[in-house]
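Written out below as structure tokens is the structure these notes cover.
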2 protein chains.
Amino acid sequence: MELIDGNKIAAEIIAELKAEVAALPGRKPCLALVRVGEDPASVSYVTKKQKSSAEIGIESRLIFPPVTISQEELFALVDQLNADPGVDGILVQSPLPKHLNEVAVFRRISAEKDVDGFHTMNLGKLAQEDDTGFVACTPAGIMELLRRSGVPLSGKHVVVLGRSLIVGKPAALLALQRHPWANATVTVCHSQTVNLPALTRQADVLIAAIGRAEFVTADMVKPGAVVIDVGVNRVPDATKKSGYRLTGDVHFPTVAPLCSRITPVPGGVGPMTVAMLMKNTVKARRQNPVKG
Amino acid sequence: MELIDGNKIAAEIIAELKAEVAALPGRKPCLALVRVGEDPASVSYVTKKQKSSAEIGIESRLIFPPVTISQEELFALVDQLNADPGVDGILVQSPLPKHLNEVAVFRRISAEKDVDGFHTMNLGKLAQEDDTGFVACTPAGIMELLRRSGVPLSGKHVVVLGRSLIVGKPAALLALQRHPWANATVTVCHSQTVNLPALTRQADVLIAAIGRAEFVTADMVKPGAVVIDVGVNRVPDATKKSGYRLTGDVHFPTVAPLCSRITPVPGGVGPMTVAMLMKNTVKARRQNPVKG
């Protein structure tokens with residue numbers, strides 16, 4: 001069994017992007033990071049994104065409206081960033097306070113600056129295999145982990161556990177693409193699937209994105225499979241200072257010995273998400289007709 | 001074994017739409033049918049669509065530009081129809097002459113009038129389970145056939161053979177939706193799939209859309225399965241006046257006896273396509289803010 005080291009692969013991508021940005025003529029890429037309020041998790045995520053931007057040479061524009069901002073005010077802010085030719089990418093950190101309609105806000109971001117890949121147009125482009133779109137960072141990160149770990153998907157059976165819009169569906173669409181590194185046969189399972197273990201045991205590559213702690217057990221995995229664990233779940237743990245430990249959707253201690261390769265949690269898919277956001281931002285800069 | 005009668009189900013839908021249109025306040029729905037040149041298949045398709053429109057009470061606006069029309073002229077025509085508040089739906093009949101970029105023309109049609117469901121926004125909405133979009137007529141017709149034949153998909157394993165943008169992918173996304181009539185576990189197989197029969201034999205519902213005559217044979221089908229045959233292939237046949245016969249992607253004589261239900265070719269999925277186009281047009285009329 002070999003661990004897939006997400007931290008190492010993410011660092012490689014960041015280093016490549018740094019070189020790419022250094023060689024870019026004209027202005028540096030610019031990412032607007034919008035964080036509403038002071039939610040501690042959001043503060044930590046945005047800080048991480050800002051640090052990676054700085055490391056690569058991406059200018060980040062930090063906009064921290066108060067938690068009391070209205071939907072209309074937030075729309076006006078997004079419109080302003082959409083219209084600003086010097087802004088290549090816009091990220092509105094999730095979750096938003098409950099009085100704001102998150103889906104409506106994400107849709108307000110113009111598709112060309114939607115580096116999170118949540119816009120309807122970008123999902124449509126993914127289905128159409130149109131590479132000018134932006135793919136959501138987590139599924140894009142999963143594919144990048146597999147490619148860089150030398151796991152070819154062509155002709156393989158990929159089983160995706162979970163049908164969310166953020167992970168399951170885009171991961172399935174990516175694995176299906178006619179790219180030489182994709183071309184997989186794909187099964188999507190979910191909470192309503194009957195006889196789940198019989199299906200997951202067929203997976204050459206199993207992508208677990210169901211959001212249930214340690215849900216995937218040894219009886220659900222074929223010996224020699226590659227397992228990608230997308231879950232980030234907090235499980236109460238009295239031995240920890242925080243009172244909890246992080247665990248994936250896979251019961252690592254019993255599943256890992258069966259696998260040819262597996263991602264740990266943390267340190268697997270997680271670090272890839274920020275790296276892919278940076279990659280999308282550099283792509284947005286390259287595709288932005290305003291280079292000056 | 002029971003045949004799924006596409007002609008009968010399509011006629012039911014047409015009758016329902018006729019009643020719906022009769023009850024609509026304000027103007028009747030209007031469908032622009034654009035046919036470039038005189039390709040015989042296109043002439044026959046457009047005539048069929050025009051007849052169904054007339055039967056339902058949908059006004060059809062026939063526009064038959066010459067085969068020599070330029071890309072720019074066709075764009076200008078589409079733009080004019082997009083801007084016309086009295087036009088609810090626009091259909092540009094495929095195939096277009098080779099000097100025209102078909103994908104670019106389809107993209108030019110505004111998403112709100114894209115009753116063929118090919119627009120990137122409409123594909124994205126399908127993935128997002130946003131029911132304001134338009135679903136491509138063939139996959140929408142497949143789901144309608146299954147629903148009206150009393151085949152519930154929830155918890156069933158649907159295997160889609162083919163990953164095209166027009167049938168395979170949207171059919172998979174529809175079967176996966178969280179609707180009570182969907183909720184299936186879905187596998188997408190294609191030309192690169194290894195050990196195809198082992199996968200198709202798992203299907204409770206097998207959707208064959210691979211475009212190869214009589215490709216699905218008895219060894220690929222589980223006894224009791226429901227089989228939907230999307231293929232329309234011409235096979236040379238000296239006993240026919242035309243010199244060919246139509247056949248699906250399924251070898252009907254050997255597969256049909258195994259199935260609980262199966263669609264014939266012709267008379268299965270085919271008639272549903274026009275019915276769903278009509279359904280999309282009535283929906284476009286309901287969603288069009290200009291009712292006058």
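The values are calculated or read from the model by the stated rules, or taken from the named source; none is laboratory data. Every value quoted in this text rests on a predicted model; they were computed, and no experiment measured them. Cβ: placed from backbone, ideal geometry, glycine included. Neighbour counts: every protein chain shown.
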Open item on the list: Consider the range B:195-222. How many of its residues are touching a residue at least 40 places away in the same chain (Cβ under 8 Å), more than 10 Å from chain A (Cβ to nearest Cβ), part of a loop (DSSP other than H, G, I, E, B) and within 21 Å of B:S154 (Cβ to Cβ)?
Closed with: 1
Task: Complete set of residues in the range A:143-172 that are within 15 Å of the chain's Cα centre (by Cα), within 14 Å of chain B (Cβ to nearest Cβ) and either over 29 Å from A:V194 (Cβ atoms) or of a type in the set (G, A, S) (or both) - done: A:G162, A:S164, A:G168, A:A171, A:A172
Open item on the list: Quick check on the range B:88-99: of everything there that is buried (at least 19 other Cβ atoms within 10 Å of the Cβ) and assigned to a loop (DSSP other than H, G, I, E, B), which residue is nearest to the chain's Cα centre (by Cα)?
Closed with: B:Q93
- [ ] Check A:A238, A:A256 and return the single one that is surrounded by 14 or more Cβ atoms within 10 Å (Cβ to Cβ), farther than 30 Å from A:F134 by Cα and either out of contact with any strand residue (DSSP E or B) (no Cβ under 6 Å at 6 or more places or on another chain) or in the same structural domain as A:M143 (by TED's automatic domain parsing) (or both).
- [x] A:A256
- [ ] Of the numbered conditions (1) over 30 Å from A:V226 (Cα atoms); (2) at pLDDT 95 or above, A:P95 fails exactly one; give the number of that condition.
- [x] (2)
TODO: Test A:A15 against the criterion of being farther than 30 Å from A:V255 by Cα, over 20 Å from the mean Cα position of the chain (by Cα) and loosely packed, with under 15 Cβ neighbours inside 10 Å, and give yes or no.
DONE: no
Open item on the list: Against the condition outside the structural domain of B:G211 (by TED's automatic domain parsing) and at pLDDT below 95, how does B:G243 come out, does it pass?
Closed with: no
Open item on the list: Of the residues B:P266, B:P289, B:P223, B:P271, only one is out of contact with any His (no Cβ under 6 Å at 6 or more places or on another chain) and surrounded by 17 or more Cβ atoms within 10 Å (Cβ to Cβ); which?
Closed with: B:P271
TODO: Mind listing whichever residues of the range B:223-237 are more than 17 Å from the chain's Cα centre (by Cα) and under 12 Å from B:R261 (Cα atoms)?
DONE: B:P223, B:G224, B:A225, B:V226
Task: Members of the range B:178-194 that are within 9 Å of another protein chain (Cβ to nearest Cβ), of a type outside the set (S, T, Y) and either out of contact with any Gly (no Cβ under 7 Å at 6 or more places or on another chain) or assigned to a loop (DSSP other than H, G, I, E, B) (or both) - done: B:R178, B:N183, B:A184, B:V186, B:C189, B:H190, B:Q192, B:V194
- [ ] List every residue pair whose Cβ atoms lie under 7 Å apart, where the two residues are 6 or more positions apart in sequence or sit on different chains, the first residue falls within the range B:70-90 and is within 17 Å of B:V115 (Cβ to Cβ), and the second residue, located anywhere, is loosely packed, with under 13 Cβ neighbours inside 10 Å.
- [x] B:P85/B:V290
Open item on the list: So B:T254 ticks every box in (1) touching a helix residue (DSSP H, G or I) at 6+ places or on another chain (Cβ under 9 Å); (2) outside any helix (DSSP H, G or I); (3) among the polar types (S, T, N, Q) but one. Which box is left unticked?
Closed with: (2)
Task: Residue match in the range B:254-268 (condition: within 14 Å of another protein chain (Cβ to nearest Cβ) and at negative phi) - done: no
Open item on the list: Can you find a residue that is acidic (D, E), modelled with pLDDT of 95 or more, farther than 30 Å from A:A54 by Cα and exposed (fewer than 14 other Cβ atoms within 10 Å of the Cβ) anywhere in the range A:189-207?
Closed with: no
- [ ] Please work out which residue is surrounded by the most Cβ atoms within 10 Å (Cβ to Cβ), limiting yourself to the range B:133-142 and to residues that are more than 12 Å from chain A (Cβ to nearest Cβ) and of a type in the set (G, A, S).
- [x] B:G141
TODO: Would you tally the residues in the range A:105-130 being more than 12 Å from every other protein chain (Cβ to nearest Cβ) and either assigned to a helix (DSSP H, G or I) or at pLDDT below 95 (or both)?
DONE: 4
TODO: For the range B:223-233, state whether one or more residues are assigned by TED's automatic domain parsing to the domain that holds B:A175, among the polar types (S, T, N, Q) and in a strand (DSSP E or B).
DONE: yes
Task: Single unsatisfied condition, A:S94 versus (1) out of contact with any strand residue (DSSP E or B) (no Cβ under 6 Å at 6 or more places or on another chain); (2) within 12 Å of chain B (Cβ to nearest Cβ) - done: (2)
Task: B:E112 vs. criteria more than 21 Å from B:V186 (Cβ to Cβ) and either surrounded by fewer than 16 Cβ atoms within 10 Å (Cβ to Cβ) or in contact (Cβ under 8 Å) with a residue 60 or more places away in the chain (or both) - done: yes
- [ ] Could you check how many residues of the range B:12-40 are part of a helix (DSSP H, G or I) and touching a residue at least 12 places away in the same chain (Cβ under 8 Å)?
- [x] 8
Task: Scope the range B:21-36; condition farther than 23 Å from B:D84 by Cα and crowded, with 17+ Cβ neighbours inside 10 Å; matching residues - done: none
TODO: Output the number of residues of the range B:172-188 satisfying the condition of being touching a residue at least 40 places away in the same chain (Cβ under 8 Å) and either surrounded by 23 or more Cβ atoms within 10 Å (Cβ to Cβ) or under 17 Å from B:I9 (Cβ atoms) (or both).
DONE: 2
Open item on the list: Need the failing condition index for A:K98 against (1) in contact (Cβ under 8 Å) with a residue 40 or more places away in the chain; (2) over 29 Å from A:G268 (Cβ atoms); (3) charged (D, E, K, R), just the number.
Closed with: (1)
- [ ] Test A:G155 against the stated conditions and say whether it is outside the structural domain of A:Y45 (by TED's automatic domain parsing) and of a type in the set (G, A, S).
- [x] yes
Task: Condition met for A:V274 (closer than 20 Å to A:L126 by Cα and either in a strand (DSSP E or B) or at pLDDT 95 or above (or both)) - done: yes
- [ ] Take the range B:145-161 and flag every residue that is surrounded by fewer than 24 Cβ atoms within 10 Å (Cβ to Cβ) and either assigned to a loop (DSSP other than H, G, I, E, B) or of a type in the set (D, E) (or both).
- [x] B:S149, B:G150, B:V151, B:P152, B:S154, B:G155, B:K156
- [ ] Take the residues in the range B:38-59 that are surrounded by fewer than 16 Cβ atoms within 10 Å (Cβ to Cβ) and small (G, A, S), then tell me which one is farthest from the chain's Cα centre (by Cα).
- [x] B:A54
